[in-house]
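Asks: Sending over a structure as structure tokens; questions will come in a sec.
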Amino acid sequence: MFYLVGLGLGDAKDITVKGLEVVKGAKRVYLEAYTSILTVGKDELEKFYGREIILADREMVEQFSETILQDTLSEDVALLVVGDPFGATTHTDLMLRAKQEGIPVSVVHNASIMNAVGCCGLQLYNFGETVSICFWTETWQPDSFYDKIAVNRERNMHTLCLLDIKVKEQSIENMIRGRKIYEPPRFMSVAQAAEQLVTIINRKKEDGQETAFDGSTVCVGLARVGSESQKIVAATLQKLIETDLGDPLHSLIIPGKMHPLEVAMLRTFVDDDEVDGLLKTMEETA
């Protein structure tokens, strides 16, 4: 059997009982190590699970999946995934490859940012399409994620923005030269995402376009959701540019139309009188 096991969002103890049973009984256990991270490393997982774990990077999962799937017709192999196994299309693709080879597949689900984001008080059924915000470079600054947020706002729906992760990435020069030299890991912060969005908004205003939201829009920054050091801040988009939420992983929410109860919950995450006043007015007039 090939198992896809969700680890949840916090630390080693967030694995389910069913998932832990799979890990302890599998012949080989891999940890997918590039679409997300836990607050603890491989060593802590091995200590808690009581067994060796093999790191599976992007190259192994996407190009050499046969290494992971080897012998799964005769023995149990598990791939551990931060969050829920279907939080990334990579894992869906791996499941399809296994099925095409006639390998039985079993999935052990767990919490992911897609549902845990409700911790900020915004109701999950009021969220529209989730978007990903990527790192900009000097020569590549896409803004299609803004358009998706704008569509959600038009429908009075909230937008969960997943922020870019760069793990085991090569520079263009090293890639061209075929050198297996990798850049240090990078994780986009709420401040960086907010700055890119404000830049897009300002460009559109300079072109005479109306915008679906602006720097004065109250948004929500989240960090390390599901861990003991979880942090949530409700502030204007402009203010979030100056807000340090600490270590990764971060997420950003652009709210749509809010119910009074949602506004009341957001007010518990405000540390700015001006923002609290904005939310209080929204709560009273909703």
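Asks: Amide H to amide H, which residues 5 or more places from M157 or on other chains are under 5 Å from it, using H placed in the peptide plane?
Replies: Distant-sequence amide H within range of M157: K257.
Asks: A follow-up question, please. Among DSSP bridges having both ends in the chain, what percentage is antiparallel? Round to the nearest 5.
Replies: Among the beta bridges of the chain, antiparallel pairing accounts for roughly 45 percent.
Asks: Under 18 Å Cα-Cα from K47, which aspartates and glutamates qualify once same-chain neighbours fewer than 8 residues away are excluded?
Replies: K47 reaches D11, D14, E21, E32.
Asks: Write down the Kirkwood hydrodynamic radius of region 60-132, to one decimal in angstroms, obtained as one divided by the mean of 1/r over all alpha carbon pairs.
Replies: Kirkwood hydrodynamic radius for region 60-132: 14.3 Å.
Asks: Can you list the HN-Hα couplings for region 40-47, worked out from phi with the Karplus curve (6.51, -1.76, 1.60; θ = phi - 60°), rounded to whole Hz and with x for Gly and Pro?
Replies: With the stated coefficients, region 40-47 comes to 10, x, 4, 4, 5, 5, 4, 5 Hz.
Asks: May I ask for the Kirkwood hydrodynamic radius of the chain, worked out over all distinct Cα pairs and given in angstroms to one decimal?
Replies: For the chain, the Kirkwood estimate is 20.6 Å.
Asks: Same structure, new question: Probe radius 1.4 Å, ligands and nucleic acids ignored: give me the carbon and sulfur share of the accessible area of region 1-67 as a rounded percent.
Replies: The value for region 1-67 is 52 percent carbon and sulfur by accessible area.
Asks: Shifting gears a bit: For the chain, what is the accessible area per residue in Å² when the probe is 1.4 Å?
Replies: Normalised by residue count, the accessible surface of the chain is 51 Å².
Asks: If you don't mind, another one. Name the residues whose placed amide hydrogens come within less than 5 Å of the amide hydrogen of D143, ignoring near sequence neighbours (fewer than 5 apart) on the same chain.
Replies: It is none; the list stays empty.
Asks: Calculate the radius of gyration of the Cα atoms of region 183-286 to one decimal place, then report Dmax, the largest Cα-Cα distance, as a whole number, both in Å.
Replies: Answer for region 183-286, Rg first and Dmax second: 14.6, 50 Å.
Asks: Farthest toward the dipole's positive end in the chain, which of T90, A194, S74, given Cβ charges of +1 (Lys, Arg) and -1 (Asp, Glu) about the Cα centre?
Replies: S74
Asks: With only Lys, Arg, Asp and Glu charged, each at its Cβ (+1 for the first two, -1 for the last two), find how big the charge dipole of region 37-160 is about the Cα centre; round to the nearest 20 debye.
Replies: Approximately 520 debye in magnitude.
Asks: Antiparallel versus total DSSP beta bridges in region 1-104: what percent is that, nearest 5?
Replies: Given both bridge residues lie in region 1-104, the antiparallel proportion sits at roughly 10 percent.
Asks: Now a separate question. Sort the following peptides by mean Cβ neighbour count (other Cβ atoms within 10 Å, averaged over residues), highest first: 204-215, 49-60, 229-240.
Replies: 229-240, 49-60, 204-215
Asks: Another question, if that's okay. Kindly write out, for region 194-209 in residue order, the coupling ³J(HN,Hα) from the Karplus curve 6.51 cos²θ - 1.76 cosθ + 1.60 (θ = phi - 60°), rounded to whole Hz, with x marking Gly and Pro.
Replies: Working through the residues one at a time gives 4, 5, 5, 5, 5, 4, 4, 4, 5, 4, 5, 5, 5, 8, x, 8 Hz.
Asks: Rg and Dmax of region 1-146 over Cα atoms: what are they, in angstrom?
Replies: 16.6, 50
Asks: When you have a sec, figure out the Kirkwood radius of region 1-87 from all distinct Cα pair distances and drop it here in Å to one decimal?
Replies: That comes to 12.8 Å for region 1-87.
The values are calculated or read from the model by the stated rules, or taken from the named source; none is laboratory data. Computed from a predicted structure; not experimentally measured. FYI the Cβ positions are ideal-geometry reconstructions off the backbone, even for glycines, and counts take in every protein chain you see. Keep in mind that these areas ignore ligands, DNA and RNA; they rest on the heavy atoms of the full protein, side chains included. Shrake-Rupley method; radii C 1.70, N 1.55, O 1.52, S 1.80 Å.
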